Amino acid sequence: MGTFAAIAVFVYGLIPLAFGLPPIWRQPEQVHLSYPGLPGSMLVTWTTLNETDSVVEYGVWGGKLFELSAKGQATLFEDGGFEKRKMFIHRVMLTDLKPGISYVYHCGSDAGWSDMFYLTALKEGADWTPRFALFGDMGNENPQSLARLQKDTQIGMYDAILHIGDFAYDMHEDNARIGDQFMRQVESIAAYVPYMTCPGNHENPYNFSNYRHRFSMPGNTESLWYSWNIGPVHIISFSTEVYFYLNYGLDLLFKQYEWLQKDLEEANRPESRAQRPWIITMGHRPMYCSNADKDDCTQFNSCIRTGLNNTDPPAPGLEDLFYRYGVDLEVWAHEHSYERLWPVYNYTVFNGSKNEPYVNPKAPVHIITGSAGCRERTDPFVPDFRAWSAFRSTDYGYARMQVFNSSHLYLEQVSDDKNGKVIDSIWLVKDKHGPEAWL
Ligand SMILES: [Fe+2]
């Protein structure tokens, strides 16, 4: 190359830097899975900074690599921060997967492919034992439980992960770069099993836009509320935040309430409940907690439990609704601690019996597991035990759940501080489900 040509190339190379043009970046990142609710399906979501095609190539584990392929679409997401950063969120639905069979996949396009990951198609029907990890409040700084969750997930301990709100701390920060970082961190678990979510208060900036754009839950509510079935369980995920960010519209609260009612009605039809007897709800901010702070759950009339009186019309709470439709288990987070409640309704304990409180309980059981780890550390408890509180811990950790059949559900809390020790466990045993179980 002559001197003139070399200078020209050098100067040309400087132009993008001088004008601050962003680099071209077509490499897929932040790969994660969700279950779209359709047997034999799985949805793969990822991000690129520049526009590319959306392709997943896959094949049965041990078979011919990438012999199958599926195409999807990308949507442009513009962050609300001052840089107005843009990225493309790709979504590809895999269908006709064989139940219980593992597949190797990568995603991207001919402009760049991700690492290879594997997924296992969920089994079909209700007659199997789904296994879950569940937690809330995991940040990109101090995500203390993540390493243990990575290993658990990669050795195949879970069929799905439930992240009960509050991600990254916070996804919108640094012009959504914190969201990018966090989604890269959780790829190590979320690219292998469905990573099912609900929104928390930390997702609120720019009307929850990072949450709504980055996740791909079933239904058409941009992941705000939805339900899905897995084994003998119907899981309902919803937004507690519609009770707190009324600036985004009181109508959302009522829309969600109506949807919850309809979904519960449907799930309680005799044929539905016979097939999927367990109804489990997941929402971020709990109705009850005994933490030493001023959060909603420390108030007797918490908004989530009893609703809002200062709106027109007044907004109904959720305790009555969930009780009326015989919800078996309610899982929460927000408090950076673990608390297990006795079966409770309206601040009254309804244990199954003195010796076996969780055998045929006469009210829903609540678990709060929000200590996965974040920059805000853990939340202490008030010194005295509440009558409805059975066990509590401020260790970092997460919960595991297995639903064995129509009558037996097992729950345990893992302490990361205690090197993976199970610090609490219960068997929830029910001969009957639905509101008649309370009688
Ligand atoms: Fe929270």
Scope the stretch 296-315; condition away from the ligand (no atom under 16 Å from the Cβ) and surrounded by fewer than 16 Cβ atoms within 10 Å (Cβ to Cβ); matching residues: F300, N301, N309, N310, T311, D312, P313, P314
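Would you tally the residues in the stretch 265-293 being among the hydroxyl-bearing types (S, T, Y), in a loop (DSSP other than H, G, I, E, B) and more than 22 Å from the chain's Cα centre (by Cα)? Before you say what the answer is, go through the steps one by one.
Taking the stretch 265-293 as the starting set, the residues that turn out to be among the hydroxyl-bearing types (S, T, Y) are 272, 281, 288, 290.
Pick out the ones that are also in a loop (DSSP other than H, G, I, E, B) and you get 288, 290.
So of that shortlist, the ones also more than 22 Å from the chain's Cα centre (by Cα) come out as 290.
Here the count works out to 1.
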When the stretch 383-408 is examined, which residues are found to be buried (at least 24 other Cβ atoms within 10 Å of the Cβ) and either modelled with pLDDT under 95 or assigned to a strand (DSSP E or B) (or both)? G397, Y398, A399, V403
Within the stretch 187-209, work out how many residues are under 13 Å from the mean Cα position of the chain (by Cα), within 19 Å of L253 (Cβ to Cβ) and hydrophobic (A, V, I, L, M, F, W, C). 1
Go through the residues of the stretch 167-177 one by one and say whether even a single one is touching a helix residue (DSSP H, G or I) at 6+ places or on another chain (Cβ under 7 Å), hydroxyl-bearing (S, T, Y) and more than 23 Å from M401 (Cβ to Cβ). yes
Let me confirm something: among E356, E330, which residue is in the same structural domain as Y169 (by TED's automatic domain parsing) and either surrounded by 19 or more Cβ atoms within 10 Å (Cβ to Cβ) or within 16 Å of the ligand (Cβ to nearest atom) (or both)? E330
Among the residues of the stretch 278-295, which ones are over 19 Å from S237 (Cβ atoms) and crowded, with 20+ Cβ neighbours inside 10 Å? Y288, C289, S290, N291
Kindly indicate whether M116 is exposed (fewer than 15 other Cβ atoms within 10 Å of the Cβ) and either away from the ligand (no atom under 16 Å from the Cβ) or in contact (Cβ under 8 Å) with a residue 40 or more places away in the chain (or both). yes
When you scan the stretch 395-410, do you find a residue that is more than 21 Å from T281 (Cβ to Cβ) and among the hydroxyl-bearing types (S, T, Y), even just one? yes
State yes or no: is E173 within 16 Å of the ligand (Cβ to nearest atom), of a type in the set (D, E) and surrounded by fewer than 19 Cβ atoms within 10 Å (Cβ to Cβ)? yes
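Within the stretch 177-210, take every residue that is aromatic (F, W, Y) and closer than 16 Å to A160 by Cβ and give me the one that is farthest from the ligand (Cβ to nearest atom).
Step one: list which residues in the stretch 177-210 are aromatic (F, W, Y), which gives 182, 192, 195, 206, 208.
Cutting the leftovers down to closer than 16 Å to A160 by Cβ gives us 192, 195.
Details: Y192: 26, Y195: 18 Å.
Among them, the one singled out is Y192.
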Could you check A126 against (1) on the phi < 0 side of the Ramachandran plot; (2) within 16 Å of the ligand (Cβ to nearest atom); (3) of a type outside the set (D, E) and say which number it fails? (2)
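The values are calculated or read from the model by the stated rules, or taken from the named source; none is laboratory data. Everything numeric in this text was worked out from a predicted model, so none of it was measured. In this analysis, Cβ positions are derived from the backbone assuming ideal geometry, glycine residues included, and neighbour counts consider all displayed protein chains.
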